[in-house]
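One structure below.
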Amino acid sequence: MDHFVYKDSELYAEGVPLSRIAREVGTPVYVYGSAAFEGHLLAFDAAFSRVPHLVCYSVKVASNLALLAKVAKLSLGADIVSGGELFRALTAGIPASKIVYSGVGKTAAEMAEALDAGILAFNVESAPELDLLSQIAKDRGRQAPVAFRVNPDVDPGTHPYVATGLKESKFGVPVEEAFALYLRAKDDPNVNPMGMDCHIGSQLTSVTPFADALSRLKALLARLREAGLAISHLDLGGGLGIRYDQETPPSPAEYAQTIVEGLAGEPVTLILEPGRVVAGNAGVLVVSVLYDKLTPERRFLVTDGAMNDLIRPSLYGSHHSIVPVAQTSAEPVKVNVVGPVCESGDFLAKDRLLPPVPAGGLLAVKSAGAYGFTMSSNYNARPRAAEVLVEGDAYRVVRARETRQDLIRGETP
Ligand SMILES: *Cc1c(COP(=O)(O)O)cnc(C)c1O
């Protein structure tokens, strides 16, 4: 269900007109819908209700404390990929016992921080990482809970930058190496090999790669059981796709059914790390049109939002639906929607049919809740956008727009 809909020709986020937020907070601004965010989390969690499971929301996707506090309120967990994300998750009230930590480059300091906090599991991605984690656990008189991130070598059929479970990828360890690492960890008193993990990619629009990965992991689980290793947690990562344009991704219910069937009674607690499917369609980026610029070749709508605010179109060639905040019946024209950044790669949409929007008019870039604000930067000395959370008929600024002073913080002439 879309929570950003027109009422009386005005685009709303739940009960609040986006034009009001733009007027009062300024643009560019990220606007999240609380009902959409929570609704997606609850639907995903409910889809797995038949089996023991824990939903660990992927923090990197949209990490504002107000969103993470929703995750905490629903008693769900977090998937983190850095010490900074650990700090965010804990600050928002997500208990360490529900936090899993993925990533190929955890530093010693980050490991120590996560060990001391008492996280649920380290998703270990290499032999040298296991060695370092073991050493740090020993130094701190702790035992590190470990899941090896297995690279099952399946093609997720997604953009190459977000495919993570192919054998040429930097992520995880191949099945055979994982088997050897489990045996090593079994004999190491400083680590507890309690889990198995994989995350094969993002924006998957078919259940088949998930089913293939699961069957490879199950085969490994069986071998480990024979070798005397009881794995209690199976983490299948995130990756479920959403509709940006014409995609038809499986619903959380279909996805869950495939996984629960594939598990076939395997005595493990499932961990899921959804991100995009939770936040993607729960957020929009609202921008103002600065100029309607005609060149001999093209028509450009130059907006105050740019690639530093939303990099997905530039980085992945991603499609985001863009709609005028004030609905109009004017004939659409073909435009490129671009920002002020000094790069020809700075665009939000190319060759898009949009009704003419005058300077000062507002556009909503839809499906911008995932990998939107979190991937934003200060390129071209542009302050990062404000973030707003709508709850019913009310909204609040949950991250202030950056100021000039923020831009030079910590710098010395
Ligand atoms: C990014 C990431 C996720 C979330 O992926 P989505 O496609 O947004 O669901 C989950 N787990 C890990 C390890 C990740 O890196």
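The values are calculated or read from the model by the stated rules, or taken from the named source; none is laboratory data. Bear in mind the structure is a predicted one, so any value in this text is a computation, not a measurement. Cβ atoms come from the backbone with ideal geometry, glycine included; neighbour counts cover every protein chain shown. Keep in mind that these areas ignore ligands, DNA and RNA; they rest on the heavy atoms of the full protein, side chains included. Shrake-Rupley method; radii C 1.70, N 1.55, O 1.52, S 1.80 Å.
For segment 103-272, what proportion of DSSP beta bridges, expressed in % and rounded to the nearest 5, is antiparallel? Numbers along the way, then the final one.
On the way: 1 of 19 bridges.
Counting DSSP beta bridges with both partners in segment 103-272, the antiparallel share is about 5 percent.
Rounded, prolate or oblate for segment 297-413? Axes are the square roots of the Cα gyration tensor eigenvalues, ordered a ≥ b ≥ c, and the cut-off for rounded is a/c under 1.5.
Values: a/c = 1.98, a/b = 1.34, b/c = 1.48.
Here segment 297-413 falls in the oblate category.
With a probe of 1.4 Å, find how much accessible area segment 103-272 has per residue, and write the answer as a whole number in Å². Show your work: numbers first, answer last.
On the way: 7030 Å² over 170 residues.
Dividing the accessible area of segment 103-272 by its residue count gives 41 Å².
Any chance you could give the angle, 0 to 90 degrees and rounded to 10, that helix 127-139 forms with the longest Cα principal axis of the chain?
Taking Cα atoms only, the helix is inclined about 70 degrees.
How much of the accessible area of the chain, in percent, comes from carbon and sulfur atoms when a 1.4 Å probe is used? Present the calculation step by step, with values, prior to reporting the outcome.
Working: 9130 of 17140 Å².
Of all accessible area on the chain, carbon and sulfur atoms account for 53 percent.
Using only Cα atoms and rounding to the nearest 10 degrees, what angle (0 to 90) does helix 108-117 make with the longest principal axis of the chain?
80 degrees
Which ³J(HN,Hα) values, rounded to whole Hz and listed in residue order, are derived for segment 96-104 from phi using the Karplus coefficients 6.51, -1.76 and 1.60 in 6.51 cos²θ - 1.76 cosθ + 1.60 with θ = phi - 60°, glycine and proline given as x?
Listing the rounded values in order: 4, 5, 10, 10, 10, 10, 9, x, 7 Hz.
Using modelled amide H (1.01 Å from N, peptide plane; none on Pro or chain starts), what sits under 5 Å from the amide H of residue 53, excluding residues fewer than 5 places away?
Placed amide hydrogens put 270 under 5 Å from residue 53.
Ignoring GluC sites (Glu not before Pro) that are buried or in helix or strand per DSSP, and keeping those with at most 14 other beta carbon atoms within 10 Å, what is the longest stretch of the chain between them? Before the final figure, lay out each step's value.
Working: sites that count: 168, 247, 297, 343, 411.
Formally, the longest exposed-site-free interval is 1-167.
Each residue of segment 142-150 in order: what ³J(HN,Hα) in whole Hz does its phi give by Karplus 6.51 cos²θ - 1.76 cosθ + 1.60, θ = phi - 60°, with x for Gly and Pro?
Listing the rounded values in order: 10, 10, 8, x, 10, 10, 7, 7, 8 Hz.
Please enumerate, by chain and number, the aspartates and glutamates with C-alpha under 18 Å from the C-alpha of residue 334, excluding those fewer than 8 residues away in the same chain.
Correct list for residue 334: 245, 292, 297, 346, 351.
Between segment 268-320 and segment 26-44, how far is it from one alpha carbon centroid to the other, in angstrom?
Rounded to whole Å, the Cα centres lie 15 Å apart.
Among 127, 156, 103, whose Cα projects farthest towards the positive end of the dipole of segment 103-272, with charges put on the beta-carbon of Lys, Arg (+1) and Asp, Glu (-1)?
Looking along the dipole axis, the top candidate is 127.
What spacing in nm lies between the two simple spin-label points modelled at residue 215 and residue 378, each 7 Å away from Cα in the Cβ direction?
Inter-label distance under the simple model: 5.1 nm.
Taking the alpha-carbon distance from residue 218 and a cut-off under 20 Å, which lysines remain once sequence neighbours fewer than 8 residues away in the same chain are dropped?
Answer for residue 218, where 20 Å is the Cα cut-off: 167, 186, listed by chain and number.
Could you provide, to the nearest whole Å², the per residue accessible area of segment 1-76 with probe 1.4 Å? Don't skip to the answer; put the middle values down first.
On the way: 2860 Å² over 76 residues.
Ligands and nucleic acids excluded, the figure is 38 Å² per residue.
Lysines near residue 70 by alpha-carbon distance under 23 Å, same-chain residues fewer than 8 away left out - which ones?
60, 98, 366
What is the magnitude of the charge dipole of the chain about its Cα centre, with +1 placed on the Cβ of each Lys and Arg, -1 on the Cβ of each Asp and Glu, and no other charges, expressed in debye to the nearest 20?
Numbers: 39 positive and 47 negative charges, 101 e Å.
Roughly 480 debye, rounded to the nearest 20.
Distance between the C-alpha centers of segment 346-402 and segment 108-170? Whole Å please.
Centre-to-centre distance over Cα atoms comes out at 33 Å.
Report the one residue of 308, 344, 328 whose Cα lies farthest in the direction of the positive end of the charge dipole of segment 296-344 (charges on C-beta: Lys and Arg +1, Asp and Glu -1; origin at the Cα centre).
Farthest towards the positive end: 328.
If you line up the long axis of helix 208-226 against the longest principal axis of the chain, both from Cα atoms, how many degrees apart are they, to the nearest 10?
For helix 208-226, the angle is close to 20 degrees.
Quick one: which residues, 5+ away or cross-chain, put their amide H under 5 Å from the amide H of residue 13? H built at 1.01 Å from N.
Long-range HN contacts for residue 13: 18.
Between residue 388 and residues 5 or more places away or on another chain, which pairs have amide H atoms under 5 Å apart, with H built 1.01 Å from N, and which residues are they?
HN-HN under 5 Å from residue 388: 30, 31, 32, 398.
Per-residue ellipticity at 222 nm for the chain, helices alone: DSSP H runs ≥ 4 residues times -39500 (n - 2.57), over residue total, nearest 500 deg cm²/dmol? Walk me through the intermediate numbers first.
Values: 12 runs with 119 residues, N = 413.
After summing the helix terms and dividing by the residues of the chain, the value is -8500 deg cm²/dmol.
Have a look at the DSSP beta bridges in the chain and tell me what percent are antiparallel, nearest 5.
Working: 34 of 71 bridges.
Of all bridge pairs located within the chain, approximately 50 percent are antiparallel.
Quick one: what are the phi-derived ³J(HN,Hα) couplings along segment 382-398, Karplus 6.51/-1.76/1.60 with θ = phi - 60°, whole Hz, x for glycine and proline?
9, x, 5, 5, 6, 10, 10, 10, 9, 10, x, 8, 10, 9, 9, 6, 9
Could you sort 88, 382 by accessible area so the largest value comes first, with the probe set to 1.4 Å?
On the way: 88 80, 382 40 Å².
The most accessible residue leads, giving 88, 382.
Evaluate the charge dipole of segment 5-62 about its Cα centre and quote only its size in Debye, nearest 20, assuming +1 on the Cβ of each Lys and Arg and -1 on the Cβ of each Asp and Glu. Can you show the working numbers first?
Numbers: 5 positive and 6 negative charges, 32 e Å.
It comes to approximately 160 debye.
Can you give the charge dipole size of segment 234-377 about its Cα centre, rounded to the nearest 20 debye, using +1 on the beta carbon of Lys and Arg and -1 on the beta carbon of Asp and Glu? Before the final figure, lay out the partial values.
Numbers: 10 positive and 15 negative charges, 108 e Å.
With Lys and Arg at +1 and Asp and Glu at -1, about 520 debye.
How far is it, in nm, from the label point at residue 183 to the one at residue 140 when both lie 7 Å from their Cα along the line to the Cβ?
3.0 nm
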